[in-house]
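J.: Before we start, here is the structure in question, set down as structure tokens.
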Amino acid sequence: MVRTPIIEALKAYSAGGKARWHTPGHKGRVPLPYLLSEWDVTEVRELTPKSDGDDPIHDSERLMAQSFGVQKTWYSVQGATLPVMAAILAACPPESSVVVDRIAHRSVHAALILGHLRPIWAYSRVGPGGYPLPVNDEERVRLIEQFQPKAVIVTNPTYEGLAADLSATAAICRQHGIPLIVDEAHGTHFWGHEGFPRSALVEGADLVCHGVHKTERSLTQTGLLHLNSPIISVSQVQDAWDLLATSSPSYLLLASLDDFQFLRHQEEYHRGWHVLAEQLRALRARWRDQGLNVLQDWWELQSGQADAAKLTILGDGSHLLRKLEPFGVEEKSDPFGVTLIVTPYDDLNMVKAALDAILANQDSGPHGALHWGRWPILQQIMPPYQAMTAETEWIPWSKALGRIAARPLIPYPPGIPLVVPGEGINQDVISWLTEYRDWYLRGSGDLKGLQPPPPTWDDEGTDEGLWVIKNAVP
């Protein structure tokens, strides 16, 4: 029988009728006026983008740039991945060294490989549950002064919405005349809204990337790249953009970005975010008084900035999922907590009901006890692009200690590589896999790069493994 597996799965998911505490930001709760089959067209006649910028797409991009107060904005129908990669390739000459937050998304790592770049990793501490914290501004300053990189690539906020001040990083980048690129994929809603972290656009970043669909009323796969200074020319960015962007963009996705720029010019849109921040902060204070541990509260107590629209509830992940199951679907789960994304299009009563159900459970000890996981710290033996082109072999993960990774190993979500090509696999990685691999392989998550034995492997019953550089050890 011929089937339609994706359509069947979507129908089943929608039929559940649960709250959606995940991307996209519209949550399936509001009408999307641009979803019309007759608008699904290609670049024809007056719809064709023109080199001189006299066309509807460039007109809309100019209005978007105006709403963010930037020099130029590009529309992405490839999520935040295209903006991130185009920004890095535009700013960084091949073979150059760049300071990079090690907690960067896989799209940053892909750009390092394509651009033949040599990363100088800026590591961060971890918080409760092993959640990565923003990289310390002083650490970046130290690395910039020591290595004199060609650019600095920052991830702010983290997947969980934790943010930090970037003023010192921006200042030293200006002092040295090097571009500051910020992956602000999870912070499109920060700009101009009280109760949220300061946007990198007002902190002095030169290129800022947004994943619009994560929190806004825009279709999945929409993103923005903003040019916020003259340190990189428009033509440099455009050249990199043209290398990476599809030549047949979806006009439905472009229309949803146009709808978003229209919203950004409406006072009601901004009021919605202000009200949400106030309401969620009041709720968090109430839950905190009742003994619930929320990661964003913990970070603010450390003098950090936290996204009011993110809720990472700390505790036993399996237990929390069972309690949330009757109410809604989380954005991310792991052994130490669950993360919810809340936007102005959510029903806050459902959020309150779910959190009250967690608080009402008295048989699991303290609510959201603080557990401290560990994120491996590895040594970069060779640049990632060299490792990707080296001769490789597959080995079981349990036998990978002391080998050099040839491919990334990425828990997803959040999409931050646990192991980067060219890094030496140490005991931290083996211990992490021993403890957590089953969680990510259970069905709702994934561990990209951990694969079954290839057909040529003749040892039956072997566990999953990874690709390492052949005949190479650190």
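The values are calculated or read from the model by the stated rules, or taken from the named source; none is laboratory data. For clarity, every value in this text was computed on a predicted model and none was experimentally measured. Ideal geometry is used to build each Cβ from the backbone, glycine not excepted, and the neighbour counts take in all protein chains shown.
J.: If I filter the range 1-17 down to residues being of a type in the set (Ser, Thr, Tyr) and not in a loop (DSSP other than H, G, I, E, B), which single residue comes out as surrounded by the fewest Cβ atoms within 10 Å (Cβ to Cβ)?
T.: Here the residue is Ser14.
J.: Of the residues in the range 78-104, how many are of a type outside the set (A, V, I, L, M), part of a loop (DSSP other than H, G, I, E, B) and surrounded by 24 or more Cβ atoms within 10 Å (Cβ to Cβ)? Show your work before the answer.
T.: First pass over the range 78-104, keeping only residues of a type outside the set (A, V, I, L, M): 78-79, 81, 83, 92-97, 101-102.
Adding the requirement that they be part of a loop (DSSP other than H, G, I, E, B) leaves 79, 92-96, 102.
So of that shortlist, the ones also surrounded by 24 or more Cβ atoms within 10 Å (Cβ to Cβ) come out as 92.
The total comes to 1.
J.: May I ask you to list the residues in the range 38-63 that are of a type in the set (Asp, Glu), closer than 19 Å to Asp242 by Cα and without any contact (Cβ under 8 Å) to a residue 12 or more places away in the chain?
T.: First, pick out the residues of the range 38-63 that are of a type in the set (Asp, Glu): 38, 40, 43, 46, 52, 54-55, 59, 61.
Still in the list and also closer than 19 Å to Asp242 by Cα: 43, 52, 54-55, 59, 61.
Result: Asp52, Asp54, Asp55, Asp59.
J.: Could you list, in sequence order, the residues of the range 388-410 that are buried (at least 17 other Cβ atoms within 10 Å of the Cβ) and either among the basic types (Lys, Arg) or closer than 16 Å to Asp428 by Cα (or both)?
T.: Once the filter is applied, which keeps residues that are buried (at least 17 other Cβ atoms within 10 Å of the Cβ) and either among the basic types (Lys, Arg) or closer than 16 Å to Asp428 by Cα (or both), the range 388-410 yields Trp397, Ala400, Arg403, Ile404, Ala405, Arg407, Pro408, Leu409, Ile410.
J.: Quick one: in the range 175-216, which of the residues that are surrounded by 24 or more Cβ atoms within 10 Å (Cβ to Cβ) and of a type in the set (Val, Ile, Thr) is farthest from Leu311 (Cα to Cα)?
T.: Going through the qualifying residues, I end up with Ile181.
J.: Looking for whichever is under 16 Å from Gln380 (Cα atoms) and in the same structural domain as Leu207 (by TED's automatic domain parsing) here; the options are Tyr159, Tyr131, Tyr123. Which one fits? Show your work before the answer.
T.: Values: Tyr159 fails: under 16 Å from Gln380 (Cα atoms); Tyr131 fails: under 16 Å from Gln380 (Cα atoms).
Step by step, each of Tyr159, Tyr131, Tyr123 is checked, and only Tyr123 is under 16 Å from Gln380 (Cα atoms) and in the same structural domain as Leu207 (by TED's automatic domain parsing).
J.: What about Trp372, is it among the aromatic types (Phe, Trp, Tyr), exposed (fewer than 13 other Cβ atoms within 10 Å of the Cβ) and at pLDDT below 90?
T.: Working: among the aromatic types (Phe, Trp, Tyr): yes; exposed (fewer than 13 other Cβ atoms within 10 Å of the Cβ): yes; at pLDDT below 90: yes.
Against the criterion (among the aromatic types (Phe, Trp, Tyr), exposed (fewer than 13 other Cβ atoms within 10 Å of the Cβ) and at pLDDT below 90), Trp372 qualifies.
J.: Across the range 342-356, what is the number of residues that are farther than 18 Å from Tyr13 by Cα and either assigned by TED's automatic domain parsing to the domain that holds Gly130 or buried (at least 20 other Cβ atoms within 10 Å of the Cβ) (or both)?
T.: 6
J.: Let me ask something else about it. Is there any pair linking a residue in the range 438-458 that is closer than 25 Å to Val329 by Cβ to one that is among the acidic types (Asp, Glu), with Cβ under 7 Å and at least six apart or on different chains, and which?
T.: Trp439/Asp334; Tyr440/Asp446; Leu450/Glu464
J.: Let me ask something else. With respect to Val70, determine if the residue is surrounded by 14 or more Cβ atoms within 10 Å (Cβ to Cβ), of a type outside the set (D, E, K, R) and within 30 Å of Glu267 (Cβ to Cβ).
T.: On the way: surrounded by 14 or more Cβ atoms within 10 Å (Cβ to Cβ): yes; of a type outside the set (D, E, K, R): yes; within 30 Å of Glu267 (Cβ to Cβ): yes.
Judged against the criteria, Val70 is a match.
J.: Read through the list (1) surrounded by 19 or more Cβ atoms within 10 Å (Cβ to Cβ); (2) out of contact with any Pro (no Cβ under 6 Å at 6 or more places or on another chain), then give the number of the only condition that Tyr159 fails.
T.: For Tyr159, the exception is condition (2).
J.: If you don't mind, another one. Please go through the range 163-188 and pick out each residue that is within 12 Å of the chain's Cα centre (by Cα) and part of a strand (DSSP E or B). Lay out the reasoning, then the answer.
T.: From the range 163-188, those within 12 Å of the chain's Cα centre (by Cα) are 182-188; that's our starting set.
Across the range 163-188, the qualifying residues are Val182, Asp183.
J.: Quick one: would you say Ala168 is in contact (Cβ under 8 Å) with a residue 12 or more places away in the chain, of a type in the set (Gly, Ala, Ser) and closer than 22 Å to Ile231 by Cβ?
T.: Values: in contact (Cβ under 8 Å) with a residue 12 or more places away in the chain: yes; of a type in the set (Gly, Ala, Ser): yes; closer than 22 Å to Ile231 by Cβ: yes.
Considered against the rule, which asks whether it is in contact (Cβ under 8 Å) with a residue 12 or more places away in the chain, of a type in the set (Gly, Ala, Ser) and closer than 22 Å to Ile231 by Cβ, Ala168 comes out as yes.
J.: Mind checking whether some residue in the range 46-66 is within 25 Å of Pro157 (Cβ to Cβ) and part of a loop (DSSP other than H, G, I, E, B)?
T.: No, because not a single residue in the range 46-66 is within 25 Å of Pro157 (Cβ to Cβ) and part of a loop (DSSP other than H, G, I, E, B).
J.: Is at least one residue of the range 21-43 surrounded by 11 or more Cβ atoms within 10 Å (Cβ to Cβ), over 30 Å from Asn349 (Cα atoms) and basic (Lys, Arg)? Explain how you work it out, then say what you get.
T.: First, pick out the residues of the range 21-43 that are surrounded by 11 or more Cβ atoms within 10 Å (Cβ to Cβ): 21-30, 32, 34-35, 39-43.
Checking which are over 30 Å from Asn349 (Cα atoms) leaves us with 39-43.
Now narrow it down to the ones that are basic (Lys, Arg): none.
For the range 21-43, residues surrounded by 11 or more Cβ atoms within 10 Å (Cβ to Cβ), over 30 Å from Asn349 (Cα atoms) and basic (Lys, Arg): absent.
J.: Still on this structure: Search the range 317-340 for residues that are farther than 13 Å from Gly445 by Cβ and in contact (Cβ under 8 Å) with a residue 40 or more places away in the chain and pair each with any residue that is surrounded by fewer than 21 Cβ atoms within 10 Å (Cβ to Cβ) and polar (S, T, N, Q) when their beta-carbon atoms are under 6 Å apart and the residues are at least 6 apart or on different chains.
T.: Filtered contacts from the range 317-340: His319/Ser364.
J.: Being assigned to a helix (DSSP H, G or I), over 14 Å from Ile469 (Cα atoms) and among the aliphatic types (A, V, I, L, M) narrows it down to one residue among Leu433, Leu378, Leu447; which is it?
T.: Leu433
J.: Working carefully through the options Ala255, Ala282, Ala309, find the one that is loosely packed, with under 13 Cβ neighbours inside 10 Å and of a type in the set (A, V, I, L, M, F, W, C). Talk me through it step by step, then tell me what you get.
T.: On the way: Ala255 fails: loosely packed, with under 13 Cβ neighbours inside 10 Å; Ala309 fails: loosely packed, with under 13 Cβ neighbours inside 10 Å.
Exactly one residue qualifies, and that residue is Ala282.
J.: Collect the residues in the range 94-110 that are closer than 14 Å to Ile416 by Cα and out of contact with any Lys or Arg (no Cβ under 9 Å at 6 or more places or on another chain), keeping them in residue-number order.
T.: Keep residues of the range 94-110 that are closer than 14 Å to Ile416 by Cα, which gives 100-110.
Within the range 94-110, Val100, Arg102, Ile103, Ala104, His105, Ser107, Val108, His109, Ala110 meet the criteria.
J.: On to the next question. Which condition breaks for Leu295 when tested against (1) in contact with a Gly (Cβ under 7 Å, 6 or more places away or on another chain); (2) under 28 Å from Leu35 (Cβ atoms)?
T.: (2)
J.: Let me ask something else. Please indicate, with yes or no, whether at least one residue in the range 439-452 is under 26 Å from the mean Cα position of the chain (by Cα), at positive phi and either assigned by TED's automatic domain parsing to the domain that holds Glu160 or of a type outside the set (S, T, N, Q) (or both).
T.: If we filter the range 439-452 for residues that are under 26 Å from the mean Cα position of the chain (by Cα), which is where we start, we get 439-451.
After this cut, where a residue has to be at positive phi as well, the list is 443, 449.
If we keep only those that are either assigned by TED's automatic domain parsing to the domain that holds Glu160 or of a type outside the set (S, T, N, Q) (or both) too, we end up with 443, 449.
Checked the range 439-452: at least one residue is under 26 Å from the mean Cα position of the chain (by Cα), at positive phi and either assigned by TED's automatic domain parsing to the domain that holds Glu160 or of a type outside the set (S, T, N, Q) (or both).
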